[in-house]
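Visitor: Before anything else, here's the structure in question.
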Amino acid sequence: MLNYLLRRINLFVLTTLMLFAVVYAVTLALPGELSSNLSGIADPTATQMTQIQDDYNLNHGPVLGYLTYVVKRISGDFGVSLNSGEAIADQLLQVLPASLELGILSIFLALLIGVPIGMLVTLSRNATLQRVVMTVTLLGFSVPVFWLGLLQIITFGIQFDWLPASGRINLMYDIPDFSGLLLIDILLSDVPWRSAAMMDAWAHLILPMSVVMVLPLTIIIRITRVSLAEELDKNYIRALEARGVSRYHLIMNHALPNAMAEVIRVLGLQLGPIASSTIIVELLFSWPGVGAWLVAALRQGDYTALQGGVLAISLFIVFLSILFDIAHTALNPISRKEIYGRN
């Protein structure tokens, strides 16, 4: 296992270096002054220009410039915004918690709903139920996120006026910022209207969360169904069944944990599309996360903010993908032998 972890760490380092290389190469090709695109200072003075050239080694070739760029970005120096002059790292810390809250809750809810439905479809002998669920999941996998989001806004936010269609919480609630995660901050606060604020925060979450969770939900249902069916058809399940182990214990203690390994692996491979759909949802519902912040930076031509946002999102996806891969291997050690060809 230690050898496997070292290989995963090497993969993360190499992927990170390639990602930085691509972003740096794109930065070199962007319009405008390279010094401004790297540092975020729009009109640097002569002294500032000299400092920027020294900080990024602009006069020592692209290779040394790339290495310096990697060191500065890894150290947390993403420059400042071309428009506001605020540090990009500070802006990311302000918007990242909102995206994390939406994404994590959506995936957690998808697992909470998807795994039981996948089990139900696998264990049911009703062919009509199986066909209906598989058809619905296919539609859910194929439906455009922006269309589903607009439909939710028009139906539940405007026509019936059941749920708020934009924002994260009503502006009348002034929640102290402890962690940036709104639900946790509300729990940690001691304001008298905490219960009302919590209900309002969940009301704002329902629509965007229901749209983000569609893609992972369909994936989880389909993979759970296939993986669980394969596990139940294996010889060790038949052997345990012949020894008198109950059907419930066979599924919950043996087949389901092994099936979940494949669910985690496939879910890790889909983190990129899930992040893309989250960005679209943030735009539709005016959710103050990284996606909406990135699009605003793109409209304003804030190349420094774009670099920081792309790097932060990409590194987070790469890190989570490798983490999911490690979790899959921990649940299914045989996969290490499959990957490296060991006996």
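Visitor: Please report, ordered by residue number, the helices (runs of 4 or more DSSP H) entirely within the stretch 177-245 with at least 2 residues that are within 24 Å of the chain's Cα centre (by Cα).
Guide: Filter on the stretch 177-245 gives 182-188, 194-212, 214-232.
Visitor: Can you tell me which residue in the stretch 108-119 is farthest from residue 134 (Cα to Cα), limited to those that are in contact (Cβ under 8 Å) with a residue 12 or more places away in the chain and surrounded by fewer than 22 Cβ atoms within 10 Å (Cβ to Cβ)?
Guide: The selected residue is 109.
Visitor: May I pose another question? From the list 166, 195, which residue is touching a residue at least 12 places away in the same chain (Cβ under 8 Å) and hydroxyl-bearing (Ser, Thr, Tyr)?
Guide: 166
Visitor: For the stretch 151-171, what are the residues that are hydrophobic (A, V, I, L, M, F, W, C) and surrounded by 15 or more Cβ atoms within 10 Å (Cβ to Cβ)?
Guide: 153, 156, 163, 165, 169
Visitor: Could you list, in sequence order, all residues of the stretch 127-144 that are surrounded by 12 or more Cβ atoms within 10 Å (Cβ to Cβ) and either at positive phi or in a loop (DSSP other than H, G, I, E, B) (or both)?
Guide: 143
Visitor: Please work out which one of (1) assigned to a loop (DSSP other than H, G, I, E, B); (2) more than 14 Å from residue 200 (Cβ to Cβ); (3) modelled with pLDDT of 85 or more is the condition residue 164 fails and give its number.
Guide: Looking at each condition in turn, residue 164 falls short on (2).
Visitor: Conditions: (1) surrounded by fewer than 17 Cβ atoms within 10 Å (Cβ to Cβ); (2) at pLDDT below 85; (3) over 17 Å from the mean Cα position of the chain (by Cα). Residue 298 meets all but one. Number of the miss?
Guide: (2)
Visitor: Just checking, how many residues over the stretch 3-16 are more than 16 Å from residue 317 (Cβ to Cβ), surrounded by fewer than 16 Cβ atoms within 10 Å (Cβ to Cβ) and not charged (D, E, K, R)?
Guide: The total comes to 5.
Visitor: Of everything in the stretch 298-315, what is hydrophobic (A, V, I, L, M, F, W, C) and in contact (Cβ under 8 Å) with a residue 12 or more places away in the chain? Give them in sequence order.
Guide: 305, 306, 310, 311, 312, 313, 315
Visitor: Answer with yes or no whether residue 276 is closer than 30 Å to residue 10 by Cβ, modelled with pLDDT of 85 or more, assigned by the TED database to the domain that holds residue 169 and among the polar types (S, T, N, Q).
Guide: yes
Visitor: Go through (1) over 17 Å from the mean Cα position of the chain (by Cα); (2) crowded, with 19+ Cβ neighbours inside 10 Å; (3) at pLDDT 85 or above; (4) not acidic (Asp, Glu) for residue 286 and report which single condition fails.
Guide: Looking at each condition in turn, residue 286 falls short on (2).
The values are calculated or read from the model by the stated rules, or taken from the named source; none is laboratory data. Owing to the predicted nature of the structure, the values given are computational and were not obtained by experimental measurement. Heads up, the Cβs are rebuilt from the backbone with ideal geometry, glycines too, and the neighbour counts pull from every protein chain shown.
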